[in-house]
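The block underneath contains the structure these notes are about, expressed in structure tokens.
The values are calculated or read from the model by the stated rules, or taken from the named source; none is laboratory data. Everything numeric here is computed off the predicted structure, so don't read it as measured data. All Cβ positions, even for glycine, are placed from backbone atoms using ideal geometry, and neighbour counts span all protein chains on display. We work out accessible area using only protein heavy atoms, side chains counted, and drop any ligands, DNA or RNA first. Shrake-Rupley method; radii C 1.70, N 1.55, O 1.52, S 1.80 Å.
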Amino acid sequence: MITVTLPTKTYNIEIKSGLHQEIGSLVKSVWKPKKVVLITDQQVAKHYLNDTVSQLETAGFKVLTEVVPVGEQSKSLATVSKIISEMATEGFTRKDGVVALGGGVVGDLSGLVSSLYMRGIPFIQIATSLTAMVDSSVGGKTAVNLDEVKNIIGTFHQPDLVIIDPDFLKTLSQRNLVEGYGEVVKCSALEGGEFFELTGGITDPVGILTNATELIQRSISFKADVVMKDEKEQNLRRILNFGHTFGHAIELLAHGELKHGEAVSIGMVRISQCFENIGVTQKGITSEITDRLLAVGLPMDSDLIGTDEFLEHLKNDKKNDGKQLNLVALSEIGLPIIVPKSLESIPEFLNS
């Protein structure tokens, strides 16, 4: 268990194999029986919806289910509006709650719904993908997309509880498992030390499953420590965007052909190489990161980087401060820094 302590809230992140069989009791340990809306996607629903509903109902909760399509298209204001309307029809009040059962898309969507309904109601995350377990379920960021601008509509809304069971990973496809590992490598490169050594020892996707619990615990411990120091991303928390400025742009331009962790993988490699070329990043670091990503089959590059559409997307990046991007670089492994770059200098930077 990892405890996140913030100025206005404290909550636990429960991590253990077999927790999917204890969902009812875990939720009841933080909430009194009440109405809950359980939000999931069509893929996760096939494996876990019926059992999760049964556990919650046995624990005394009245459950409204909302099953959304798989993928980024569900992160929309239309989906938020539909769910909130159905909650209102069912008479949900501020005392009721939202439970997310799924990966990053479901978590981001559910978090935003819970933050908006009656100006905010309680929220619990049950993470079923590696991406959600190591990244999106922790930290309180919620968001949906607007057209082709990623996560532009969002809030900070912390959960009351996060439930992480590595056993959920066994029902993921290899591609969905591996894409989440991109976020793990990111955290390991930012922290360095034993964590970076651990990712260096993983040579195939099987190694991700074999070491899942430790990889999850180390990733969450690192992220939680950063979030506790900077909840609203005013300074230190920006380092968690390593690889994301470029990654988010190509993820949206790929129109579903690239998964989030795949795009972040590409973003980390390209930005590290660019910073290495101009002497900001120590020589050899890009190769070390590349080795870890290639070992499990993550992509390294995209023709979308540098296109006019790519540069246009950077203007809408949340880390854009006026006409300046705050890019994350590694001066060396375990030593991330923020490097301001003007938008107009990016083409030259990409060709450095």
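Screening the chain for whole DSSP H helices with an alpha carbon extent of at least 15 angstrom along the helix axis and a mean Kyte-Doolittle hydropathy of at least -0.5 yields 77-89, 104-116, 174-191, 212-229, 260-277. Only one residue of Phe156, Val226, Gly103 has its Cα farthest out toward the positive end of the dipole of the chain, where Lys and Arg carry +1 and Asp and Glu -1 on Cβ, and that residue is Phe156. Annotation: extensible slack from Val30 through Thr8 equals 6.3 nm (criterion: 0.36 nm per residue apart, minus Cα-Cα distance). Solvent exposure of region 259-307 amounts to 37 Å² per residue of accessible area, where only protein heavy atoms count and the probe is 1.4 Å. Protein-only accessible surface at a 1.4 angstrom probe places the residues Glu72, Glu276 in the order Glu72, Glu276, largest first.
On full extension of the chain, what length is gained from Glu344 through Leu146, given 0.36 nm per residue of separation minus the C-alpha to C-alpha distance? Spell out each step's value before the answer.
Values: separation 198, 0.36 × 198 = 71.28 nm, distance 2.43 nm.
Stretched fully, the Glu344-Leu146 segment lengthens by 68.8 nm.
Between Thr307 and Arg94, the simple label model (points 7 Å from Cα in the Cβ direction) yields a spacing of 4.7 nm.
In whole percent, and with a 1.4 Å probe on the protein chains, what portion of the accessible area of region 12-168 is carbon and sulfur? The partial results should precede the final answer.
Working: 3080 of 5920 Å².
That fraction is 52 percent.
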